[in-house]
Structures are given as structure tokens and as C-alpha cells.
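Comments concern the structure below.
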Amino acid sequence: MKLNRRHVESTALVLGFLAAALATSWTSLGIQIDKDAYDWMLRLYEPPPWRTETMLLAIDEQSLQTSGGVRGLRTAIAEGLTYLAATSPKVVALDATVADVTDPEPDAVLGAALRRTPRLVLPCQLLPDGSGFEDPLPRYLQWGAAIGHVHADADAVNRAIPLEKATGTKRRWALALEAFRVSRNAHIVESVNDLEVAGIVIPARRADSRRMWIRYLPPSMPGVPRISLKQLRDNPALAERFRDKAVFLGVTAQTATRDRLMTPYSGLPMSGVEIHAQAFETIAQGRFFTPAPGWMELAFCMLLTVASWSAFTFLSGVRSYFAAAGVLAAAHVVPYLLFRHGTVFPYAPSLGSSWLTLVASAAYQHFVVRRRMLRAELDRGRYRQAMHFVTHEMRTPLTAIQGSSELMGRYALTEEKRKQMAQMINSESKRLGRMIEIFLNVERLSAGEIEMKQDCFSARELIAVCVERAMPLADRKRISVLVEEIPDETLTGDRELMEYALYNLLTNAVKYSGARTQVTVRARRDGERLRLAVEDQGIGMEEKETRKIFQKFYRTSGAEQSGEAGTGIGLSIVEEIVTRHHGAIEVSSRPGAGSCFTLVLPARPAAPQDATHTNS
Ligand code: ADP
């Protein structure tokens with residue numbers, strides 16, 4: 001297929017829109033749209049409920065109060081662990097800092113409790129300067145089966161956690177992941193794109209700190225079951241419920257910890273320890289979300305861009321709006337359908353590529369393409385006019401030339417007659433040549449392509465030349481042409497065009513008048529202007545028609561009925577010429593009484609040297 005300008009232009013625009021849409025999705029607005037859309041989809045799509053494997057042992061406000069406040073925290077943790085020891089949970093993950101030395105007694109009590117807890121996962125945190133990890137005290141560390149970090153995504157709403165945190169030399173898996181590994185008594189097998197634990201493959205790319213989206217328990221589930229230490233104290237039998245569970249032990253009392261985060265579901269923040277438990281559930285259930293691969297994102301956006309562009313380029317009217325609605329529906333629905341299958345497809349690029357392209361291509365069609373169409377239509381109109389002009393105006397001299405030359409060839413004519421005809425042929429062909437020249441000039445004039453000549457010429461001479469040229473027509477109808485006293489004025493402009501204009505008025509006056517009438521030509525100065533009038537006693541026209549006769553191709557009903565040939569473009573050209581000369585044309589007429597056409601042109605009294613500049 002041959003590439004034309006429109007194809008190249010369209011392709012460039014489509015690529016431009018695509019690039020703009022993708023670029024917008026990287027702005028903070030685009031990122032926020034993606035996050036909001038994620039939350040919205042998570043809330044919209046509720047998976048069927050499942051049996052939770054985790055339990056929370058919460059040191060809540062009441063438990064803490066009855067344990068002597070924050071100072072009694074270690075004793076409280078130790079107490080909780082003691083209850084758990086009897087129920088052999090699958091794993092116990094502790095989410096409370098035990099990195100510093102406090103009072104010897106509670107420290108020792110905690111140490112003893114930790115020692116008695118099998119399958120224990122201890123917490124650690126990155127040091128604020130990122131130089132290493134703040135681990136539990138070494139005396140505690142020895143009792144842990146594993147150690148996991150307790151960091152979540154640094155965002156106002158917690159959607160994911162990094163499964164891996166690394167400093168220069170050390171790295172730690174997340175508390176939830178370690179808890180899961182210990183609960184399954186398995187190893188973590190790593191690859192670039194995922195982690196595998198006990199047969200479960202977690203899609204978590206190394207390049208992304210092994211970020212894992214948490215599939216929070218949907219609102220249809222009561223949440224991670226929890227028992228507080230206080231409840232256990234009041235009813236030790238409750239401890240049985242921890243049997244065979246993955247237990248997350250942590251502080252939920254707000255006076256002791258600010259470790260609470262918003263989730264896509266909650267109107268209220270969720271405690272850190274519960275978030276770890278939820279991450280454990282995500283892994284244990286294998287309910288992962290994976291980001292859509294880059295190629296898929298690009299291909300879908302490209303598809304949307306091309307479809308949006310096509311909707312307004314190849315379709316029109318209601319159909320284009322239907323197509324646009326279809327594209328928008330796809331842009332909104334496809335990411336959600338993918339989400340239901342565990343693929344997180346960013347919303348911003350698909351919204352951007354569809355909306356942006358739709359709006360831009362609709363605007364492009366409206367402004368650029370439509371303007372081009374109008375221009376093409378105008379060109380076609382001009383061409384049609386040109387054809388009319390050629391066929392109508394130029395036929396007369398051509399017929400005369402053809403007729404005369406034929407006569408000369410066919411018959412033996414007298415020398416005098418032959419001379420007369422040769423002269424006629426000569427003058428008619430010259431007239432034809434002039435007409436062609438004028439025609440081309442007028443064409444270029446209305447296209448704004450020609451610079452008009454700036455001659456100085458006498459109004460008297462102009463009138464004389466035109467009247468002389470129109471005389472034969474007038475004679476044929478026995479119309480007398482009266483030229484009144486003309487003041488000696490100089491006009492400036494293109495003499496040939498002006499001759500064309502005046503000649504047109506004269507021939508019209510003759511054409512649209514009955515035989516034996518009179519056409520009067522008069523001129524008078526009016527301030528800085530010359531008023532040059534051609535008055536006839538012809539068919540005239542209605543008042544309302546006088547406003548239309550300067551429109552191209554308009555002919556009055558009287559003119560049509562008169563049987564005189566005409567195209568209705570002569571006056572439009574006259575008006576164009578006069579306007580270009582900073583003048584105007586006026587008309588007054590009465591049906592049956594005649595018409596008067598007046599050219600109002602800038603003029604000045606003739607100076608002696610002007611006569612030498614005339615261009616005849
Ligand atoms: P044409 O004479 O070829 O039809 P013009 O543009 O010169 O085209 O004139 C437009 C129309 O104006 C004419 O068709 C005619 O109806 C009207 N008209 C022009 N001049 C006169 C006139 N002197 N008297 C009456 N009608 C006129």
C-alpha cells in the first residue's frame with residue numbers, strides 16, 4: 001500500500017497519543033489512579049470465604065493494663081507464650097520488639113518463655129540508617145527457629161508487603177513468609193521472578209523487593225480470629241483454639257504501639273500483627289496477584305489507541321459514538337476481568353490511551369479534517385465557476401473567429417470584405433487573449449494569489465474604451481449609449497480588471513434592456529471618490545433581488561425569462577475587483593423601470609503627468 005500524507009499523519013498521531021497516555025500513567029496522578037482502581041477492584045471482587053489458618057493472640061488495651069502497662073509488656077508476652085506452649089501451634093510469630101535490654105526480671109521471664117516455644121519466629125527491623133537490622137537480643141535469638149522483618153509498604157494504604165528486605169550484607173524474609181515456611185517445615189527456593197515454599201509458588205520479583213499484594217480477608221469473613229491475653233487469663237480453656245494454628249502474637253493496644261495501617265477495605269486502621277497474619281493467609285491460600293507483563297500493557301493500550309482513533313476516523317455520526325462507547329467499556333472492564341484472575345493491570349494507561357485518543361481524534365476530525373473538506377469543496381466550487389466562465393464568456397469571440405475564418409476559406413470575398421474579416425478575427429482573438437488573461441487574474445485574485453497592478457489611469461479613457469467595446473452589442477438592439485460629461489479624474493489600480501468590471505456593467509445594461517432604450521454613463525466626484533454610474537431603462541429587479549445578484553450564479557427571475565444567456569458570475573467578479581480597489585458597488589433598481597449600477601472608487605483629480613502612465 002502506498003503511504004500517503006494522511007496515513008503518516010494518522011500513524012504519528014496514534015503513536016503520539018500512546019506515548020502521552022503511557023507518560024501520564026507515570027505521573028503522580030496516574031499512580032494514584034492505579035492505586036484507587038486497585039482498591040476499588042479489590043472491594044468489588046469478593047472471593048468465596050475460606051477457613052483461616054491464622055489466629056491472633058492480641059495484647060490489647062485491657063491485657064496491657066492488667067499486666068502493669070508498657071513496662072509489663074515482656075511479662076505479658078511471656079504469659080501469652082506460656083498459654084500457647086500447651087497447645088502446640090503450627091508456628092508462633094512474635095510481632096513485638098525484643099531488641100533491647102530492660103529490667104533483668106521480665107527479660108529473664110521472657111527468655112524462659114521463648115525457650116519453651118517451639119517453631120518460634122522472631123521479629124527484626126531495618127535500622128533507620130539502613131546499615132543493618134535491629135535483631136532481638138542474642139539471648140532470645142537462640143530460641144527462634146527463624147527471624148523475619150516486620151516492614152510493610154510505605155504507603156498511606158497498605159496493599160502489599162516486601163517479602164524481602166536487604167542491607168549490604170544481610171537480608172531477611174518477611175515475618176509472614178518465615179512463619180509460613182516454619183509452619184510447613186520447608187525451605188524457601190528462590191528464582192528471579194518467584195519464591196517457592198512447600199509447593200506454593202509466590203509470584204514476587206527480586207527486582208521489586210519481592211513485593212507481594214495481600215489478599216485481605218473479604219468483609220464477608222469475620223477477620224482473622226483473635227483472642228486477647230486478658231480473655232485467656234479469664235478463660236484458659238480458650239487456648240485450645242490455638243491448636244494447630246499459625247499464631248501471630250502482638251500488641252494491638254494503641255497506647256503501646258502506633259503500628260496500625262489502613263487497608264483497601266477498612267474505614268479503620270488495622271494493627272500490624274493482623275496485617276502479618278493476613279499476608280500469611282494470602283500465601284497459605286495461594287491467592288496471589290501478579291502485575292500484568294509490560295508487553296500485555298503496551299499491546300492493550302495500543303489496541304485501545306488504534307480502536308479509539310479508528311472510531312472517529314473511519315466511522316461517522318452515531319456509529320462513531322457507539323464505537324467510542326465500546327472502546328471505553330473495554331478500557332474499564334478488561335482490567336477488572338483480569339483482576340478477577342489475579343492479574344493487576346494498571347488502570348491509568350488504559351484509561352489514558354482510550355480517553356485521550358477519543359477526545360483528541362474527535363477534536364482532530366472536527367477541526368482539521370472538516371476544515372480540509374470545506375477547503376476542498378471551495379476549490380471544487382471555484383473550478384466549477386471557472387468552467388462556467390470559460391464556456392459562457394469565451395464562446396462569443398470564438399464563434400466570431402470560427403465563422404469569419406470559415407467564410408474566408410470557403411468563399412471568394414472582395415478584398416475589402418476580406419480585410420474587414422481579418423481585422424475582426426484579429427481584434428476578437430486579441431479580446432479572447434485578454435479575457436483569458438483577465439480570467440486567470442480574477443481566479444488568482446479571488447484565491448489571494450495575485451498582486452494587482454498599480455497603474456494610474458484616466459477615468460475618461462476607461463469609460464471610452466469600455467463604451468466603444470460595448471457599442472456593437474448596443475447597436476444590435478438599437479440601444480443608444482449616452483456618456484455624460486465625465487470629470488477628469490485619475491483612478492489607481494489594475495486597469496484591465498477595472499475595464500472588465502465596467503464592461504460587464506455596460507453589457508448587462510444592454511443585455512437586460514429592451515430595444516430602442518437608452519443606457520446612460522455618468523460620473524461625478526464625491527469627496528475623495530468617483531461615482532461612476534451605468535443606468536439603463538431595462539427590466540430592472542425587485543428590491544430583495546438586488547441583495548442577491550452579487551452572489552455567484554444568482555440570476556433574477558426576470559433575467560431568466562428574458563432569454564438572455566448568462567451564468568450569474570459576472571457581478572460577483574465585478575464586486576471582487578471593486579473591493580480589491582478599496583471601492584464599492586451600489587445598485588438601485590425597479591422592476592420594469594430600469595437599473596442603475598454605481599462603482600464608487602477612490603480617485604483624485606488628474607495631474608498632467610498621469611496621462612503618460614496610462615496602460616492601454
Ligand atoms: P449574468 O448576466 O451572466 O447572468 P451577472 O453576474 O453579470 O450574470 O448578473 C447577475 C444577475 O443580475 C443577472 O442574471 C441579472 O438577473 C441581474 N442583472 C445584472 N445586471 C442587470 C441589469 N442591468 N438589469 C437587470 N438585471 C441585471
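The values are calculated or read from the model by the stated rules, or taken from the named source; none is laboratory data. These numbers come from a predicted model, not from an experiment. Glycine also receives a Cβ, built like all others from the backbone with ideal geometry; neighbour counts cover every protein chain displayed.
If I go through the stretch 150-190 residue by residue, how many of them are among the hydroxyl-bearing types (Ser, Thr, Tyr), part of a loop (DSSP other than H, G, I, E, B) and either crowded, with 17+ Cβ neighbours inside 10 Å or at pLDDT 95 or above (or both)?
Adding up the residues that qualify gives 0.
Anything in the stretch 115-149 that is small (Gly, Ala, Ser) and surrounded by 15 or more Cβ atoms within 10 Å (Cβ to Cβ)? List them, or say none.
Gly144, Ala145, Ala146, Gly148
Which of the residues belonging to the stretch 104-125 are of a type in the set (D, E, K, R) and free of Cβ contacts under 8 Å to residues at least 24 places away in the same chain?
Within the stretch 104-125, just Glu105 meets the criteria.
It is to be established whether one or more residues within the stretch 97-107 are modelled with pLDDT of 90 or more and either in contact with a Pro (Cβ under 7 Å, 6 or more places away or on another chain) or surrounded by fewer than 16 Cβ atoms within 10 Å (Cβ to Cβ) (or both).
No, the stretch 97-107 contains no residue that is modelled with pLDDT of 90 or more and either in contact with a Pro (Cβ under 7 Å, 6 or more places away or on another chain) or surrounded by fewer than 16 Cβ atoms within 10 Å (Cβ to Cβ) (or both).
Of the conditions (1) at pLDDT 95 or above; (2) assigned to a loop (DSSP other than H, G, I, E, B), Phe553 fails just one. Which one is it?
Answer for Phe553: the failing condition is (1).
Residues to consider are Gly594, Gly570; find the one that is assigned by TED's automatic domain parsing to the domain that holds Ala523 and modelled with pLDDT under 95.
Sole residue among the options that is assigned by TED's automatic domain parsing to the domain that holds Ala523 and modelled with pLDDT under 95: Gly570.
Just checking, which of Leu249, Leu217 is in contact with a helix residue (DSSP H, G or I) (Cβ under 9 Å, 6 or more places away or on another chain), assigned to a loop (DSSP other than H, G, I, E, B) and of a type outside the set (Asp, Glu)?
So the residue among Leu249, Leu217 that is in contact with a helix residue (DSSP H, G or I) (Cβ under 9 Å, 6 or more places away or on another chain), assigned to a loop (DSSP other than H, G, I, E, B) and of a type outside the set (Asp, Glu) is Leu217.
Among the residues of the stretch 42-56, which ones are part of a helix (DSSP H, G or I) and surrounded by fewer than 20 Cβ atoms within 10 Å (Cβ to Cβ)?
Across the stretch 42-56, the qualifying residues are Arg43, Leu44.
Inside the stretch 220-240, can you point out the residues that are in contact with a Lys or Arg (Cβ under 9 Å, 6 or more places away or on another chain) and acidic (Asp, Glu)?
none
Can you name the condition, by its number, that Asp208 falls short on among (1) closer than 27 Å to Glu190 by Cα; (2) crowded, with 16+ Cβ neighbours inside 10 Å?
(2) is the only condition that Asp208 fails.
The conditions are (1) over 27 Å from Thr87 (Cα atoms); (2) part of a helix (DSSP H, G or I); (3) charged (D, E, K, R), and Arg233 fails exactly one of them. Which is it?
Arg233 satisfies every listed condition except (1).
Within the stretch 568-576, is even one residue surrounded by fewer than 21 Cβ atoms within 10 Å (Cβ to Cβ) and more than 8 Å from the ligand (Cβ to nearest atom)?
Yes, the stretch 568-576 has at least one match.
Using the structure shown, decide if Ala559 is within 10 Å of the ligand (Cβ to nearest atom), assigned by TED's automatic domain parsing to the domain that holds Lys477 and outside any loop (DSSP other than H, G, I, E, B).
yes
Check off (1) farther than 25 Å from Glu461 by Cα; (2) near the ligand (Cβ under 8 Å from one of its atoms); (3) of a type in the set (Gly, Ala, Ser) for Ala509 and give me the number that stays unchecked.
Exception for Ala509: condition (1).
For residues in the stretch 520-555 being in contact (Cβ under 8 Å) with a residue 24 or more places away in the chain and among the basic types (Lys, Arg), which is nearest to the ligand (Cβ to nearest atom)?
Going through the qualifying residues, I end up with Lys552.
Exactly one condition in (1) away from the ligand (no atom under 16 Å from the Cβ); (2) assigned to a loop (DSSP other than H, G, I, E, B) is false for Ala515; which is it?
Failing condition for Ala515: (1).
List every residue pair whose Cβ atoms lie under 6 Å apart, where the two residues are 6 or more positions apart in sequence or sit on different chains, the first residue falls within the stretch 287-307 and is in a strand (DSSP E or B), and the second residue, located anywhere, is at pLDDT 90 or above.
So the pair list comes out as Thr290/Pro203; Thr290/Thr343; Pro291/Val344.
Quick one: count up the residues across the stretch 518-549 that are surrounded by fewer than 21 Cβ atoms within 10 Å (Cβ to Cβ) and assigned to a loop (DSSP other than H, G, I, E, B).
6
When you scan the stretch 581-604, do you find a residue that is touching a Cys at 6+ places or on another chain (Cβ under 9 Å), more than 9 Å from the ligand (Cβ to nearest atom) and of a type in the set (Gly, Ala, Ser), even just one?
Checked the stretch 581-604: at least one residue is touching a Cys at 6+ places or on another chain (Cβ under 9 Å), more than 9 Å from the ligand (Cβ to nearest atom) and of a type in the set (Gly, Ala, Ser).
Quickly run through the stretch 462-495 and pick out the residues that are surrounded by fewer than 16 Cβ atoms within 10 Å (Cβ to Cβ) and assigned to a helix (DSSP H, G or I).
Correct list: Ala464, Glu468, Met471, Pro472, Asp475, Arg476.
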